[in-house]
Every structure is written in C-alpha cells, then in structure tokens.
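Structure first, then comments.
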Amino acid sequence: MKIIKPIYPLALALAATLVATGCKHKPVGLTPLPNGPTPVVSTPGPGNPLGPGSQAMGSSGAGSTEIPTAPLDYFEGMIKDRTALAPYTIHFAFDSAVIRSSDQANLQAVAQQLAAHPDCKLLIEGNCDERGTEEYNRALGERRALAAREALANLGVDPSRIRTISYGKDNPVDPGHNEAAWAKNRRDDFVLLHPKPGT
Amino acid sequence: MKRPVATQNRNRKTARAIGERSPSPASLERQRQAEPNAALNRAAPLPQRRRRQRPCGRRLFAAALGKFCLPVLLVIAGANVSHSQNEIVIVKEQPIGLTPPVPVSLEGFTGEVENVLKFDLYVQGFAFVAPDAAQYQIRGSNTGDVVGTVTDKYAGKALLSRRYTGASLLAQAHLFADDIVLAITGKKGIAQTRIAFKAQPTGSGPGEIYVADFDGYEAQAVTSDGAIVAAPAWVPGRQALCYTSYKLGNPDIFYHDLSTGQRRVLAGYSGLNTSAAVSPDGSKVAMILSKAGSPNVWICNIDGSNLKRLTTGIEDSSPCWSPDGQWICFATKTGRSERRRLAKISVHGGEIHYFNTAGVVNPSEPDWSPDNRWIAFTSQMGEFDICVMPADNHAPPTILVRGEDPSWAPNSRTLIFNRSVGYRQTLSVLDVLTKQYKDIPRISGSDSEPCWER
C-alpha cells in the first residue's frame, strides 16, 4: 500500500492533464450509440409515385418560401432547447474532428449543465462548412459530434444520455462564402433535451 | 401529399420506329411493358449484314480461318511492336480524356429535336462538323415525326434509315440518338436512361429528391416533405429508390417504391444513416451507419434484415459496389494523419485493400463502372476534380474536369456529376473518353448528388 500511495495522485494528475489537453491520440468513437427509444421509428408516410408524364420543371426559387425549416422541435420525444447551451458551441479546423484544447472549458460547462439536470439528455449537432463534398461532409459532421460525445464521456457524463446528429453542410450559421463564415460553420452545437411534461 | 396513382413501370408512351432495321432490344422491352398484349413477332434484331446464305464448305473454312487469323495477326503485330515487354499488350481503348470525338454532321433537324440530338451525341463522344468534314452524316427532318438516316461517308453506305412515331418528338429524338450511337459504335446508347438527384431551393438545407431523364428533362419530385434529403440511389431491377431523409428528425435511409409512392425506413438507427448503395443484383444495401460509435460501412438485405458491420475505421463514407457484387469500394481516413484514401473490402469482410491514387489527394465519393474497368471519384486539392482510374489500379488516376460526386451511366463512358456555378451546384454530363461535358438545366437553387439508373 505504501508503494501505491505516492503513485496514485501522480496517476490522477496525469489523467487530468491528458483530459485537460484534449489528448489527440485517444481512440475516437469507441462508445456505441444507445439504441433509439422503445417506440420504433415511425413510418414516414408515402412519398410521390412517378406520374404518367412530364411535369413542369420548377424554376429556381419556386416554393422556397413555403418549405418549412428542419429541424423539428422534438428529438425522439424530448423537447429541444437550443438556448441553454448555445454559448458553448465548439469549433473545428478544416477537415478535422479533433477537439481543440481551447474548447475544453466549453465542454466542462456542458458537463456541468448535464450534471445539474439529471433528467435531461443532450443532442450534439455536428456541422461542416460548405467546401467539402456532400456525403463526406455528412460523415465528418457525425464524427465531430461523436468526438464531443467521447470528450464529455471522459468528463464523466454517461454516454447513454448523449445523442448525435450530423447536418453535413446543410445547416450553416453563416451563409457567407469566406473563411470567417466557414470557420463559424465548422462546429458542434449542443442542444439540451428536456423530457416532455408528464413523462 | 399526392395520392398514389397506380402506374406501370415506365408509363410514358414509347416512341416507336418504322424502318428497315428491327428495333433495339431495349425499345422492344419497353413496348412489351407498355402493351403486354401486343405480340411482337419479330425475331431478335440482327446486325446490319446481308442475309446469310447457306454456307458451303469453302465458305465455312474461310470464315473459320478469318475468325482465328485476325486475333493471331493482332497478336503478332503487337508482339512486333512490344517485343521488349514480357507480355503482349493490345491497346484497344484510347486514353481517357484524350480521345478525339467522332466527327458527324447533322442536317435537317430543328428546334428541340436538334437540341436533343446534339446533347445526346455530344456527351457520348461526338462532335459536330460540316458534312464534308464528317465521318458520318446524319440527315433527316422533324417537320412531322422524326425521320433520319446515318451515312458512313467513307464506306459510302447508309448505316441506318428510320422513321419514328408515337409518344413525343423528344422521345423520338432520344430513340433516334440511341440508334445513331448503336449504328456507329456498336454499343448501346444512353439517351433513354434516367437519373435521380436532390434539389435544394435555397442552395443548402431542405430539399427534395427528383427523378428525370438523363438530360434533366421530364423532372418529377419524388418527395415533398420539406426536409433535408441526400444520397438517392436506384434499386436495380425495381422501380425504387433509396435515399436519406431527415423527415423523422434524424438522417434515416428510406426505401421508396416509385410505382406506388409507398416507402419504409430501411435504416433508422441512432446517429447517422446515409449513403445507401444497392448491390447490382438488387438484393443488398451498403450504407454508412454511426451506431457503433464511428461512421462505418454496414451491409443489410434490401428489406433491412441481416445487418452486418463491414468496417471499423475512424471515418468511412460513400460505399459503392463492384459490378459483380463482390466488393465494396469506399472512402476512408487512416492513420494518425487521417489521410483520406480510397479502399475496397470484400462483401464477406476481411482485409482492406487501399487504392494507390498517386497524383491526386483527398479522394472521396467513388463509383465503379458497370463494365468493371474504371472507378470515378472526387479529388479535393483546393477545388474539386472528377478523376477516373482503372478499377484494377494498374495506372494512376486521370484528372478530368472540375466537379464532384460522379455517377456512371450504363455505357461505362459517360458520367453525371455536379459542379459549382456561383456557389450553387449544377448537374453536368461528361464523356470520359473525350472530356466533353455539358450542364443540364437546373431544377432548383442547387442540384446535386446525382445517381444514374443502371
């Protein structure tokens, strides 16, 4: 026991250092996502069949005012709260899913909020700038969300409380076509999920 | 939301041809589908040849000799040319991107018919010149129905002389274009094929999945959900599409029956479900799922059952199938540096084989040609470029044109892709051998992620 005692705080300090610096070499994506809630994904309802003949091509801009914006207000039956954790959005370098050490404070704040609301869950939304190809960006956005989930798990948050969703480049905060806009769009947004009242 | 309408498989009326030659097998098949009771008693189409006379012994011997001599002569010629090599290489195809187009002239056609013929032939490697400079002269008219002839100028004979009827002038023109391609090249044309793609009114965010003729005409929206959609993929052998939609609040893969409009969730697991690719025999789907904690390639049956994980890397994307259904090619990140590479893995799992894409970097979105010869993909070096490399990787890729997300036509020589025009995406059709390409009309703010029906 006497041999172990001095090593123990050292090991703790080392672990804390690794977490604090956002160790780049820690394995990513080892924690499987939890299955969805017990109600199976609902059927989407019918789409369109292919009709008999030519339909008029819509001119660009047609219908752009009618299409409602995604995302929905609910995620798997829980209410989405975009404001509670909005200050803690973290950002990424181009083509990278590495959590920056400068974002550790934000992650700790998110972990603290989750600890303060034990009945809440978290949805991490991964995003990319417009410059990547589409499917590659969708995977990269997911990986960014998963990286933040892994980091939060390392901060003590139960990973089964954390879900991820990638929007690829489909959900920019800044529609500009310049590096300043792109840097803002390469991000993870944290959405607090509240249980519906009465559940 | 439209009420589903009972429809036939291809319920557009089919143009028909009247003329010396029998219709192509494809048009015969469509006629049969459209009019199942119209018994077509014509024999299977014969190549343009004099009616065979009853062979006598001498003719048989000469024919047999001819059949065996030609390859032998080629081999000998090849051996003389390349005697310093270990193996004899007979170069059958010209290098991609550098093949000169076939010069043809087009006379007598007007308006939409002329536009259709020009587009259809341009993207299959033809160029339009004056009649005396043409190798093949295409003449005809569309004052009534489409009528056309194709003359081989040097051989001095007509390859094709037909008159078309039925459906629309556009459909007749497409059928004529296919007949022209068959007559001149001996290969089946693509003028009557279709594409699926996504269209986004504002250039990003929500959109709808569309199906159209390969040239962008006759476009129809298959979805009207106002949701983010992505990655449409045809189901070979059926009138159906798979695609990704966020309609249910998560990126899920849908299976959508085009004849009825009915659809179901094929993959709706936690996290990302996207990039569905259906096997050439229509029985399996490869896709990207992140349910295990990283985006990887998974496979299941077309009904969603028998789900299996195929890869375990840090970040995989865009699976596509080899034409024999035995391999999945995909983009992947490897190593500490997270370098982007193209790789393939057997559908039964096992070792990952990496492609050598020397000369280009950051490959993604591969597509494997139906004749098994090529893999097209996107390379990102600042801008995006469409690249093509041999599927057996015996040579490095060739960079073709600016653009991304290529999809092969059934002829294994034409590609559809999207390219940026003022920060919006426009679909474009490219002939890989000649590098000739042409944009197709845009449906919406941004059209992208095209998939050619094969």
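The values are calculated or read from the model by the stated rules, or taken from the named source; none is laboratory data. Because the structure is predicted, anything quoted here is derived from the model rather than measured. In this analysis, Cβ positions are derived from the backbone assuming ideal geometry, glycine residues included, and neighbour counts consider all displayed protein chains.
Report every pair of residues separated by at least 6 positions or lying on different chains whose Cβ atoms are under 8 Å apart, first residue within segment B:322-333 and over 18 Å from B:SER364 (Cβ atoms), second acidic (Asp, Glu). Going by the 8 Å Cβ cut-off, the qualifying pairs are B:PRO323/B:ASP371; B:GLY325/B:ASP281.
Within segment B:208-220, is there a residue that is facing chain A (nearest Cβ under 8 Å), part of a strand (DSSP E or B), among the hydrophobic types (A, V, I, L, M, F, W, C) and surrounded by fewer than 23 Cβ atoms within 10 Å (Cβ to Cβ)? Yes, segment B:208-220 contains a residue that is facing chain A (nearest Cβ under 8 Å), part of a strand (DSSP E or B), among the hydrophobic types (A, V, I, L, M, F, W, C) and surrounded by fewer than 23 Cβ atoms within 10 Å (Cβ to Cβ).
On the basis of being more than 8 Å from every other protein chain (Cβ to nearest Cβ) and part of a loop (DSSP other than H, G, I, E, B), does B:PRO236 make the cut? Against the criterion (more than 8 Å from every other protein chain (Cβ to nearest Cβ) and part of a loop (DSSP other than H, G, I, E, B)), B:PRO236 qualifies.
I want to confirm something. Restricting to segment A:170-199 and keeping residues that are at the interface with chain B (Cβ under 9 Å from one of its Cβ atoms) and more than 13 Å from the chain's Cα centre (by Cα), which single residue is nearest to A:ARG138 (Cα to Cα)?
It comes out as A:ASP170.
Scanning segment B:418-431 for residues that are at the interface with chain A (Cβ under 9 Å from one of its Cβ atoms), surrounded by fewer than 20 Cβ atoms within 10 Å (Cβ to Cβ) and in contact with a Phe, Trp or Tyr (Cβ under 8 Å, 6 or more places away or on another chain) turns up nothing. Of all residues in segment B:259-281, those being touching a Leu at 6+ places or on another chain (Cβ under 6 Å) and surrounded by 24 or more Cβ atoms within 10 Å (Cβ to Cβ) number 2.
Is it true that some residue in segment B:186-199 is at the interface with another protein chain (Cβ under 10 Å from one of its Cβ atoms) and within 27 Å of A:SER166 (Cβ to Cβ)?
Taking every residue of segment B:186-199 in turn, at least one turns out to be at the interface with another protein chain (Cβ under 10 Å from one of its Cβ atoms) and within 27 Å of A:SER166 (Cβ to Cβ).
Within segment A:123-134, one or more residues are in a helix (DSSP H, G or I) and at pLDDT below 95.
Among the residues of segment A:151-190, those identified as part of a helix (DSSP H, G or I) and surrounded by fewer than 17 Cβ atoms within 10 Å (Cβ to Cβ) are A:SER160, A:GLU179, A:ALA180, A:ALA181, A:ALA183, A:LYS184. Could you grab me the full set of residues in segment B:406-454 that are in a loop (DSSP other than H, G, I, E, B), in contact with a strand residue (DSSP E or B) (Cβ under 6 Å, 6 or more places away or on another chain) and polar (S, T, N, Q)? B:SER444, the sole residue that qualifies. Looking across segment B:240-273, just one residue is of a type in the set (S, T, N, Q), over 16 Å from B:PRO206 (Cβ atoms), touching a strand residue (DSSP E or B) at 6+ places or on another chain (Cβ under 7 Å) and within 7 Å of chain A (Cβ to nearest Cβ), and that is B:SER270.
One residue stands out in segment B:250-305 among those that are aliphatic (A, V, I, L, M) and outside any strand (DSSP E or B): the one that is nearest to B:VAL211 (Cα to Cα), namely B:LEU258.
In the set (1) part of a helix (DSSP H, G or I); (2) touching a residue at least 60 places away in the same chain (Cβ under 8 Å); (3) crowded, with 18+ Cβ neighbours inside 10 Å, B:LEU170 fails one condition alone, (2). Looking only at residues that are away from chain A (no Cβ under 11 Å) and among the aliphatic types (A, V, I, L, M) in segment B:288-302, which one is surrounded by the fewest Cβ atoms within 10 Å (Cβ to Cβ)? For segment B:288-302, the residue satisfying everything is B:ILE302. Does segment B:303-313 contain at least one residue that is away from chain A (no Cβ under 11 Å), within 21 Å of B:GLU449 (Cβ to Cβ) and surrounded by 19 or more Cβ atoms within 10 Å (Cβ to Cβ)? No; the residues of segment B:303-313 include none that is away from chain A (no Cβ under 11 Å), within 21 Å of B:GLU449 (Cβ to Cβ) and surrounded by 19 or more Cβ atoms within 10 Å (Cβ to Cβ).
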